[in-house]
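Student: One structure, pasted below without further comment.
The values are calculated or read from the model by the stated rules, or taken from the named source; none is laboratory data. Note that this is a predicted model, so its numbers are computed, not measured. Cβ: placed from backbone, ideal geometry, glycine included. Neighbour counts: every protein chain shown. All accessible areas refer to the heavy atoms of the entire protein, side chains included, with ligands and DNA or RNA removed. Shrake-Rupley method; radii C 1.70, N 1.55, O 1.52, S 1.80 Å.
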Amino acid sequence: MGVAVPDTYVELADLAMARGVAPGKYVEGLGVTRMGVPLVDEDTVTLASRAARMALESAGCSPEDVGLLVVGTETAVDHSKPVASYVQGLLGLPTRCRIFETKHACYGGTAALQMALDWVRSGSAKGRKALIVCSDIARYGVGTPGEPTQGAGAVAMLVSDTPALLALEAGKTGVYSKDVMDFWRPLYSKDALVDGHYSVQCYLDALEGAYRAYQEAAAEPVGEGAYSDRFAALVYHVPYGKMSRKAHRHLRTLDGDAAPDASFDRLVGNSLVLPSQVGNIYTGSMYLALASLLSTAPQDLTGQRVGLFSYGSGSCAEFFSGVVQAGAQERVKALGLQARLSRRRALSIPEYEDVMRAREHLDERPAADAAGSGFRYQGTRDHKRIYAT
Ligand code: HMG
């Protein structure tokens, strides 16, 4: 696994004060302390490439080992050329590699992951690995209710038949999809549009449908107590921390738990440590929450089952599960994610607003002459995006 976030962020308490809102509404009410805001040399491609490189290095893999690369994103940089092709070029992946992009709001990365699992299980992988990258920049209008739920980042995962972090359980998955208008981004808009409170209800309806479908698919004997106590932890899609709390309350109510909040810290708390400092990263949000769980849980999770709930507006959702592998927590801790977050620089609100305005025109910005390095977006030349490696 690899994770990339922007080097800069906005303090939500500062944003609240600038908008004339009580800081408690964003920090406690939404459960977010900071949101990642990328500068103009960062885009979905650079975030994806940085996360992918970290995943390869962490697993000790060469680009030659990869036979499938899929980038899940809802903030692509081109109507035709996939983000995955840029990533292939920047990382030097082999030409004998199937490469494309998937889209279904925040579910796009999970769609790619599930497809990769089938690719591996079917034998088509022939020993090669799939590289799945979830990369997005979440953007709502300045001053809208969605503004404090922005964020940016990417999570990359290598999928193979010898998993080192999580062994995803074949057949144990439940899907729910429904055509709803809860959140969308028209082709003419850089900002997402959202029917906020309705989107929360759509998320909860989808959770219920996917969780019930999972239980049917798993077909396990009826046991004592709450069904979700079969999991050592639950990782929900995190548009903001409070949504995970609402999700958990709903799921435990479905389980018949009379005190549905009582298990929140035990089953969910560790998954929110990193997301609360980054904000919504759309496709990668649930996977950042998984990284948070694996890097911050104090107890040994080896051999224990984790439940995962992925939700994409529009909508498609999936509840699935995996078993934590020996050494997984040490591997994710070794990525030093918390230390990386601590090294970021805070933007003042005027700086942030300037960046938001500048990002409106990123796709036509003439490429800078300076060479730069480390997967940075330089601008365009002859309508082609230029990246520094
Ligand atoms: P809002 O309407 O401005 O906020 O926007 P609110 O009035 O609902 O208040 C939020 C919470 O703060 C409430 O808590 C208040 O009580 C509390 P709740 O009742 O929900 O438990 N509050 C306070 N708490 C402490 N101190 C205070 C205080 N004041 C109020 N002083 C909304 C909230 C989420 C609607 C908005 O931010 C929004 O539209 N966000 C974007 C949409 C979104 O994130 N939806 C989530 C579900 S859909 C999803 O997850 C998919 C998505 O990721 C996209 C994709 O799939 O690609 C979004």
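Student: Report yes if ALA55 is in a helix (DSSP H, G or I), modelled with pLDDT of 95 or more and within 15 Å of the ligand (Cβ to nearest atom), otherwise no.
Tutor: No: the conditions fail for ALA55.
Student: Which is open to solvent by 10 Å² or more (accessible area, probe 1.4 Å) and at pLDDT 95 or above, of GLY67, GLY72, GLY36, GLY20? Explain how you work it out, then say what you get.
Tutor: Working: GLY67 fails: open to solvent by 10 Å² or more (accessible area, probe 1.4 Å); GLY72 fails: open to solvent by 10 Å² or more (accessible area, probe 1.4 Å); GLY36 fails: open to solvent by 10 Å² or more (accessible area, probe 1.4 Å).
When all the criteria are applied, what remains is GLY20.
Student: Sticking with this one: When both residues are 6+ apart or on different chains and their Cβ atoms are under 9 Å apart, which pairs have a first residue that lies in region 306-322 and is assigned by the TED database to the domain that holds CYS106 and within 11 Å of the ligand (Cβ to nearest atom), and a second that is in a strand (DSSP E or B) and of a type in the set (S, T, N, Q)?
Tutor: Cβ pairs passing all conditions: none.
Student: Which count do you get for residues in region 16-40 that are assigned to a loop (DSSP other than H, G, I, E, B) and either in contact (Cβ under 8 Å) with a residue 12 or more places away in the chain or among the hydrophobic types (A, V, I, L, M, F, W, C) (or both)?
Tutor: Result for region 16-40: 11.
Student: Scan region 148-157 and give yes if some residue there is buried (at least 24 other Cβ atoms within 10 Å of the Cβ), touching a Ser or Thr at 6+ places or on another chain (Cβ under 6 Å) and not assigned by the TED database to the domain that holds LEU15, otherwise no.
Tutor: no
Student: In the list GLU330, GLU364, which residue meets the criterion of being open to solvent by 50 Å² or more (accessible area, probe 1.4 Å) and modelled with pLDDT of 95 or more? Write out each step before concluding.
Tutor: On the way: GLU364 fails: modelled with pLDDT of 95 or more.
After ruling out the rest, the residue left standing is GLU330.
Student: On the given criteria, is LEU117 crowded, with 24+ Cβ neighbours inside 10 Å, out of contact with any Gly (no Cβ under 8 Å at 6 or more places or on another chain), under 22 Å from GLY171 (Cα atoms) and touching a residue at least 24 places away in the same chain (Cβ under 8 Å)? Lay out the reasoning, then the answer.
Tutor: Working: crowded, with 24+ Cβ neighbours inside 10 Å: no; out of contact with any Gly (no Cβ under 8 Å at 6 or more places or on another chain): yes; under 22 Å from GLY171 (Cα atoms): yes; touching a residue at least 24 places away in the same chain (Cβ under 8 Å): yes.
It is false that LEU117 is crowded, with 24+ Cβ neighbours inside 10 Å, out of contact with any Gly (no Cβ under 8 Å at 6 or more places or on another chain), under 22 Å from GLY171 (Cα atoms) and touching a residue at least 24 places away in the same chain (Cβ under 8 Å).
Student: Continuing with the same structure: Being touching a Cys at 6+ places or on another chain (Cβ under 7 Å) and of a type outside the set (Phe, Trp, Tyr) narrows it down to one residue among VAL70, VAL83, VAL77, VAL155; which is it?
Tutor: Just a single option satisfies the conditions, and that option is VAL155.
Student: Any idea which of (1) small (Gly, Ala, Ser); (2) open to solvent by 50 Å² or more (accessible area, probe 1.4 Å); (3) within 16 Å of the ligand (Cβ to nearest atom) is the one GLY60 doesn't satisfy?
Tutor: Among (1) small (Gly, Ala, Ser); (2) open to solvent by 50 Å² or more (accessible area, probe 1.4 Å); (3) within 16 Å of the ligand (Cβ to nearest atom), GLY60 violates only (3).
Student: Which of (1) within 30 Å of LYS129 (Cβ to Cβ); (2) loosely packed, with under 14 Cβ neighbours inside 10 Å; (3) not basic (Lys, Arg) does VAL235 not meet, given it meets every other one?
Tutor: Going through (1) within 30 Å of LYS129 (Cβ to Cβ); (2) loosely packed, with under 14 Cβ neighbours inside 10 Å; (3) not basic (Lys, Arg) one by one, VAL235 breaks only (2).
Student: If GLN88 satisfies every condition in (1) touching a Cys at 6+ places or on another chain (Cβ under 8 Å); (2) in the same structural domain as SER310 (by the TED database); (3) without any contact (Cβ under 8 Å) to a residue 40 or more places away in the chain but one, which is the exception?
Tutor: With (1) touching a Cys at 6+ places or on another chain (Cβ under 8 Å); (2) in the same structural domain as SER310 (by the TED database); (3) without any contact (Cβ under 8 Å) to a residue 40 or more places away in the chain applied to GLN88, the lone miss is (2).
Student: Okay, next question. Test ALA13 against the stated conditions and say whether it is assigned to a helix (DSSP H, G or I) and open to solvent by less than 10 Å² (accessible area, probe 1.4 Å).
Tutor: Criteria not met by ALA13.
Student: Then there's this: For ALA125, are the conditions met, namely being surrounded by 23 or more Cβ atoms within 10 Å (Cβ to Cβ) and either away from the ligand (no atom under 13 Å from the Cβ) or modelled with pLDDT under 95 (or both)?
Tutor: No: the conditions fail for ALA125.
Student: What are the residue pairs meeting all of these: first residue in region 182-195, first residue assigned by the TED database to the domain that holds ASP136 and closer than 19 Å to ALA317 by Cα, second residue surrounded by 15 or more Cβ atoms within 10 Å (Cβ to Cβ) and of a type in the set (Asp, Glu), Cβ atoms under 6 Å, and 6 or more apart or on different chains?
Tutor: Here the result reads none, with nothing in region 182-195 linked to a residue that is surrounded by 15 or more Cβ atoms within 10 Å (Cβ to Cβ) and of a type in the set (Asp, Glu).
Student: Report whether or not ASP136 is more than 27 Å from GLY2 (Cβ to Cβ) and in contact with an Asp or Glu (Cβ under 7 Å, 6 or more places away or on another chain).
Tutor: In short, no.
Student: Filter region 251-267 for residues that are touching a residue at least 24 places away in the same chain (Cβ under 8 Å) and out of contact with any Asp or Glu (no Cβ under 7 Å at 6 or more places or on another chain); which is most open to solvent (accessible area, probe 1.4 Å)?
Tutor: Only one residue fits best here, namely GLY256.
Student: For region 158-201, what are the residues that are among the hydroxyl-bearing types (Ser, Thr, Tyr), away from the ligand (no atom under 16 Å from the Cβ) and open to solvent by less than 80 Å² (accessible area, probe 1.4 Å)?
Tutor: So in region 158-201, the residues among the hydroxyl-bearing types (Ser, Thr, Tyr) come out as 160, 162, 173, 176-177, 188-189, 198-199.
Applying the additional criterion that residues be away from the ligand (no atom under 16 Å from the Cβ) yields 160, 162, 173, 188.
Across region 158-201, the qualifying residues are SER160, THR173.
Student: Could you list, in sequence order, all residues of region 335-348 that are part of a helix (DSSP H, G or I), loosely packed, with under 15 Cβ neighbours inside 10 Å and aliphatic (A, V, I, L, M)?
Tutor: Within region 335-348, ALA339 is the sole residue that qualifies.
Student: OK, next. Does any residue in region 361-376 that is at positive phi and assigned by the TED database to the domain that holds ARG53 come within less than 8 Å, Cβ to Cβ, of a residue that is loosely packed, with under 14 Cβ neighbours inside 10 Å and at pLDDT 80 or above six or more places away or on a different chain, and which pairs are these?
Tutor: GLY374/THR389; PHE375/THR389
Student: For region 83-142, which positions are aromatic (Phe, Trp, Tyr) and outside any strand (DSSP E or B)? So that I can check it myself, show each step before the final result.
Tutor: The first filter runs over region 83-142 and keeps only residues aromatic (Phe, Trp, Tyr), leaving 86, 100, 107, 119, 140.
TYR86, TYR107, TRP119, TYR140 - these are the residues of region 83-142 that are aromatic (Phe, Trp, Tyr) and outside any strand (DSSP E or B).
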